[in-house]
Amino acid sequence: MPQRFLPVTLLFIIYHSSFIISVNAQTDTLRLIFAGDIMGHLPQIKSAEVSPGKYDYRPCFQYVKPILEGADLAIGNLELTLPGKAPYNGYPMFRSPDALADALKDAGFDILVTANNHSNDSRGAGLIKTIETLRELGFQQTGTFKNQRDRDAFYPLMVYKEGFKLALLNYTYGTNGVPTQAPTIVNLIDTVQIAKDLAEARARKPHFIIVVMHWGLEYQLEENAEQRRQANFLIRHGADMIIGAHPHVVQPIRTETATLPDGSNKQALVVYSLGNFISNQQKPGTDGGILFQVDLVHRKGVPYAEVSGCGYIPVWRYVEKKANGKSTFYALPVGRYERNPDATPDMTLSAQSTMSRFVEGIRKRLKGWWEVE
């Protein structure tokens, strides 16, 4: 049965009613949080170095950690590689220390998707090492694979949590022209392959199908026609929700409608771009992004789950520069700072002004959607 959505104006009411029905033994509830691009520019690497060859990224995420830990599943886009050894580097070939993955796990992330235009930045050996490091730390991971056998065994990624069975898929438009070295695999946006993968996902009878797409054009504040066409294609083939990455700025959230082969209509949430979660990018709008929070409900005996509520949390990248010359990068939830500045790092007036301009743009772009923090 196709997923159906009520108008956005009713989501607030449904969101709160979900807490009422969650006490019913016949209903399961699940909270998901999606984070945007996790980048590893050279200033971030240098700031995390606590002694020669030793790194600690945990301070970067201390202010978003309570939000991530409050979700049943926290999912992020890891747009870098973990080669396991120096040299480490930022743009254009992202190679970060394993300590970043340690910090992401400590912060509350459960799943990382790895199909993006930087998947091959450490070539085949680095792609494999990235996968192995994430799995050893207890992450679920998808989008890139060590070989065909690995893909056959773990794709689509099936996620079981709190009585829910989810299917998660992940694709990228390309890898910056860096070839994928055999036998490794990077999922590319190939409609023939995606249709097969979604058919396989449907055959496994999950309650909900999520597709994370690395798509669109960098720094564009609106989605383009190609993204809309791809979203329609994904919905027609079974996607219940689509999460976008790559533009490095926040793009609109929309409820899109596709016509199914039987003539019925299906609606799905599409977040065209979450923007950056953490980075050192300097172009306008790249100094942050959003967390997207979704609550699902599943009634016993029903073969699908439904969205009971959703909303966004603006997250701004703040760089604190200390007197000793060291810097710390923070992913700062803006709403919590606005409510209680004393609970977050001291911020200069200039930084406060920059953050205000950033969040003003986000709130204007996402007008009509609920800010949950």
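Within the range 159-179, track down each residue that is of a type in the set (G, A, S), within 10 Å of N116 (Cβ to Cβ) and out of contact with any strand residue (DSSP E or B) (no Cβ under 8 Å at 6 or more places or on another chain).
Answer for the range 159-179, where residues must be of a type in the set (G, A, S), within 10 Å of N116 (Cβ to Cβ) and out of contact with any strand residue (DSSP E or B) (no Cβ under 8 Å at 6 or more places or on another chain): there is none.
Among the listed residues G325, G285, G275, identify the single one that is modelled with pLDDT under 95, on the phi > 0 side of the Ramachandran plot and not acidic (D, E).
G325
Out of the range 70-100, which residues are within 15 Å of the chain's Cα centre (by Cα) and within 30 Å of T29 (Cβ to Cβ)? Break it down into steps so the answer makes sense when it comes.
So in the range 70-100, the residues within 15 Å of the chain's Cα centre (by Cα) come out as 71-80.
Correct list: A71, D72, L73, A74, I75, G76, N77, L78.
Residue by residue, here is whether (1) surrounded by 17 or more Cβ atoms within 10 Å (Cβ to Cβ); (2) within 26 Å of F164 (Cα to Cα); (3) under 18 Å from the mean Cα position of the chain (by Cα) holds:
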position	(1), (2), (3)
K196	no, yes, no
H207	yes, yes, no
I210	yes, yes, yes
M241	yes, yes, yes
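What do you reckon, is S308 under 21 Å from the mean Cα position of the chain (by Cα) and either of a type in the set (S, T, Y) or modelled with pLDDT under 95 (or both)?
Yes.
With over 30 Å from Y272 (Cβ atoms) and touching a residue at least 12 places away in the same chain (Cβ under 8 Å) as the only criterion, which of G138, G76, G126, G70 stands out? Break it down stepwise before answering.
On the way: G76 fails: over 30 Å from Y272 (Cβ atoms); G126 fails: over 30 Å from Y272 (Cβ atoms); G70 fails: over 30 Å from Y272 (Cβ atoms).
From the options G138, G76, G126, G70, the qualifying one is G138.
Here is a list of conditions, (1) free of Cβ contacts under 8 Å to residues at least 40 places away in the same chain; (2) charged (D, E, K, R); (3) in a loop (DSSP other than H, G, I, E, B), and E226 meets all of them except one; can you say which number that is?
(3)
Residues of the range 209-226 being among the aromatic types (F, W, Y) and at positive phi, which ones?
Residue satisfying the conditions is Y219 alone.
Is it true that some residue in the range 150-162 is among the hydrophobic types (A, V, I, L, M, F, W, C) and assigned to a helix (DSSP H, G or I)? I'd like the intermediate steps shown before the answer.
Quick first cut of the range 150-162, residues among the hydrophobic types (A, V, I, L, M, F, W, C) only: 153-154, 157-159.
From the residues that got through so far, the ones that are assigned to a helix (DSSP H, G or I) too are 153-154.
Scanning the range 150-162 turns up at least one residue that is among the hydrophobic types (A, V, I, L, M, F, W, C) and assigned to a helix (DSSP H, G or I).
So, in the range 79-110, exactly how many residues are in contact (Cβ under 8 Å) with a residue 40 or more places away in the chain, in a loop (DSSP other than H, G, I, E, B) and touching a His at 6+ places or on another chain (Cβ under 9 Å)?
6
Quick check on this structure: which one of I313, I235 is surrounded by 22 or more Cβ atoms within 10 Å (Cβ to Cβ) and on the phi < 0 side of the Ramachandran plot?
Criteria check complete, one pass: I235.
Run down V315, V307, V271, V294 and say which single residue is of a type in the set (A, V, I, L, M, F, W, C), within 30 Å of L349 (Cβ to Cβ), touching a Phe, Trp or Tyr at 6+ places or on another chain (Cβ under 9 Å) and in contact (Cβ under 8 Å) with a residue 12 or more places away in the chain.
Numbers: V307 fails: within 30 Å of L349 (Cβ to Cβ); V271 fails: within 30 Å of L349 (Cβ to Cβ); V294 fails: within 30 Å of L349 (Cβ to Cβ).
The unique qualifying residue is V315.
Look through the range 16-48, keep the residues that are at pLDDT 50 or above and of a type in the set (V, I, T), and return whichever of them is farthest from the chain's Cα centre (by Cα).
Among them, the one singled out is T27.
The values are calculated or read from the model by the stated rules, or taken from the named source; none is laboratory data. Since we're looking at a predicted model, the values are computed, not measured. Here Cβ is always computed from backbone atoms with ideal geometry, including for glycine, and neighbour counts include all displayed protein chains.
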